[in-house]
Amino acid sequence: MNVVVLGAGLVGGPMALDLAQDDDMLVTVVDKRPEALEKIESCNPQIAIVKADLSSPQAVTVLVSDFDLVLSAVPGHMGFETLKAVIAAGKTVVDIAFFPENPFDLDDLARDNGVVAVVDCGVAPGMSNVLIGHVDQILDRVHSVLIYVGGLPEEWPYEYKAGFSPIDVIEEYTRPARYVENGQLAVRPALSDPEYIEFPRVGTLEAFNTDGLRTLARTIDAPNLKEKTLRYPGHIEKMLVLRETGFFGTEPLEIGGNRIRPIDVTTKLLFPKWKLGPGDVDITVLRVIVQGEAAGTPKRYTYELFDRYDEHTGVHSMARTTGYTATVAVRLLAAGLYTTPGITPPEFLGRYDA
């Protein structure tokens with residue numbers, strides 16, 4: 001199986017290294033940053049590296065044409081067009097990009113091209129969806145779904161460090177949060193409805209609305225569905241100050257005769273502070289609660305995850321929990337265990353009895 005990984009970042013690199021452990025996987029990684037590719041090559045010289053700019057969808061279609069399967073780990077703002085380009089090339093794909101567009105808009109294209117496209121295949125959305133899809137097929141009726149998820153450092157600058165693309169993190173603070181309440185689709189500002197939640201081995205965390213429900217709002221027939229992101233206490237207030245002051249703004253300002261977007265200045269200042277460096281310890285916490293009934297009896301399923309940086313391999317927790325969900329999906333498709341063309345959110349895999 002000839003697999004190409006698009007993006008060699010915090011998650012793309014570990015995914016490539018994980019897949020390359022399989023004797024039947026020939027792995028290639030594509031990125032425009034030489035330093036990212038050199039890091040992959042130094043870890044495993046058997047992985048082929050290609051230096052290319054993935055921002056052109058037309059170039060992506062050509063680039064993936066020689067591969068059997070594509071694993072897309074590009075930043076969210078490139079995700080939808082990249083996925084569309086891969087589907088246009090007729091290639092099976094697993095995607096972890098956190099893009100704002102509706103992936104089902106590509107369902108007809110995927111079906112017409114006979115492409116299996118697994119989307120949102122990270123930790124949440126991703127593994128959380130798999131669990132929810134599994135419970136959905138067990139219960140006669142689902143009444144509510146609640147997801148809490150967070151990737152956190154053990155040290156607290158800004159009460160946060162970024163375990164994946166930092167620009168996608170900022171999207172969590174600006175993109176309106178969609179959820180289902182009393183059977184109706186509702187939209188609330190990101191960072192809204194804060195609450196404190198206790199987690200074993202971590203302590204008190206604060207939870208707030210983010211747009212992580214995604215496909216579940218369409219695929220799970222339940223009157224109440226919500227996803228919240230977790231951070232250390234104090235983080236919400238810091239991000240609200242930045243957002244409401246305009247630091248995440250995308251409209252250029254006139255400064256000293258130059259037109260500058262506030263978000264470009266903010267990211268330039270914040271990203272070095274947020275960057276997870278070698279040896280920086282991070283953790284991932286997840287709680288999924290599904291309530292409903294079976295044969296007239298109330299049922300409640302609760303799943304919890306606590307994961308920590310792997311000191312032996314040097315792979316950060318967010319890369320593990322996000323990336324390995326996707327690489328398991330790659331192996332599932334490579335083995336021919338799931339072959340349904342079209343857009344496949346992870347909850348469809350959870351319902352599927354292979």
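The values are calculated or read from the model by the stated rules, or taken from the named source; none is laboratory data. Every value quoted in this text rests on a predicted model; they were computed, and no experiment measured them. Note: ideal-geometry Cβ built from the backbone for every residue, glycine included; neighbour counts use all protein chains shown. With ligands, DNA and RNA removed, areas are computed over all heavy atoms of the protein, side chains included. Shrake-Rupley method; radii C 1.70, N 1.55, O 1.52, S 1.80 Å.
What about Ala117, is it assigned to a helix (DSSP H, G or I) and over 18 Å from Ala217 (Cβ atoms)? Criteria not met by Ala117. For the residues Arg287, Arg331, Arg320, the requirement of being touching a residue at least 60 places away in the same chain (Cβ under 8 Å), within 25 Å of Asp221 (Cα to Cα) and among the basic types (Lys, Arg) singles out Arg287. So which pairs qualify, if the first residue must be in region 184-198 and assigned to a strand (DSSP E or B), the second must be open to solvent by 80 Å² or more (accessible area, probe 1.4 Å) and not aromatic (Phe, Trp, Tyr), the Cβ gap must be under 6 Å, and the two must be at least 6 apart or on different chains? Taking only residues 6 or more apart or on different chains, the pairs are Val187/Arg178. For Asp168, all conditions in the list (1) over 24 Å from Ile263 (Cβ atoms); (2) touching a residue at least 40 places away in the same chain (Cβ under 8 Å); (3) open to solvent by less than 30 Å² (accessible area, probe 1.4 Å); (4) in contact with a Phe, Trp or Tyr (Cβ under 6 Å, 6 or more places away or on another chain) hold save one; what is the number of the exception? Of everything listed in (1) over 24 Å from Ile263 (Cβ atoms); (2) touching a residue at least 40 places away in the same chain (Cβ under 8 Å); (3) open to solvent by less than 30 Å² (accessible area, probe 1.4 Å); (4) in contact with a Phe, Trp or Tyr (Cβ under 6 Å, 6 or more places away or on another chain), Asp168 misses just condition (1). Hey, any hits in region 33-54 for a residue that's acidic (Asp, Glu), surrounded by 14 or more Cβ atoms within 10 Å (Cβ to Cβ) and within 14 Å of Ala8 (Cα to Cα)? Looking for residues that are acidic (Asp, Glu), surrounded by 14 or more Cβ atoms within 10 Å (Cβ to Cβ) and within 14 Å of Ala8 (Cα to Cα), one finds at least one in region 33-54, hence yes. Of the residues making up region 200-247, those that are open to solvent by 20 Å² or more (accessible area, probe 1.4 Å) and small (Gly, Ala, Ser) are Gly203, Ala217, Gly234, Gly246. Scanning region 171-203 for residues that are among the small types (Gly, Ala, Ser) and more than 15 Å from Leu146 (Cβ to Cβ) turns up Gly183, Ala190, Ser192, Gly203.
Here's the yes/no breakdown for (1) open to solvent by less than 10 Å² (accessible area, probe 1.4 Å); (2) touching a Leu at 6+ places or on another chain (Cβ under 9 Å); (3) not in a loop (DSSP other than H, G, I, E, B):
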{"residue": "Phe80", "(1), (2), (3)": "no, yes, yes"}
{"residue": "Lys84", "(1), (2), (3)": "no, yes, yes"}
{"residue": "Phe98", "(1), (2), (3)": "no, no, no"}
{"residue": "Gly133", "(1), (2), (3)": "yes, yes, yes"}
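Within region 13-61, being under 19 Å from Leu83 (Cα atoms), touching a Ser or Thr at 6+ places or on another chain (Cβ under 9 Å) and in a helix (DSSP H, G or I) holds for Met15, Ala16, Pro57, Val60.
Listed by position, the strands (runs of 3 or more DSSP E) contained in region 248-354 that have at least 1 residues being under 28 Å from Leu230 (Cβ atoms) and open to solvent by 60 Å² or more (accessible area, probe 1.4 Å) are 282-294, 297-308.
Any residue at all in region 105-113 that is on the phi < 0 side of the Ramachandran plot, open to solvent by less than 10 Å² (accessible area, probe 1.4 Å), free of Cβ contacts under 8 Å to residues at least 40 places away in the same chain and assigned to a helix (DSSP H, G or I)? No, that holds for no residue.
Residues considered: Asp66, Asp22, Asp18. Of these, the only one that is touching a residue at least 60 places away in the same chain (Cβ under 8 Å), over 17 Å from Ala117 (Cα atoms) and loosely packed, with under 15 Cβ neighbours inside 10 Å is Asp66. Among the residues of region 209-239, those that are over 21 Å from Glu154 (Cβ atoms) and assigned to a strand (DSSP E or B) comprise Asn209, Asn224, Leu225, Lys226, Glu227, Lys228.
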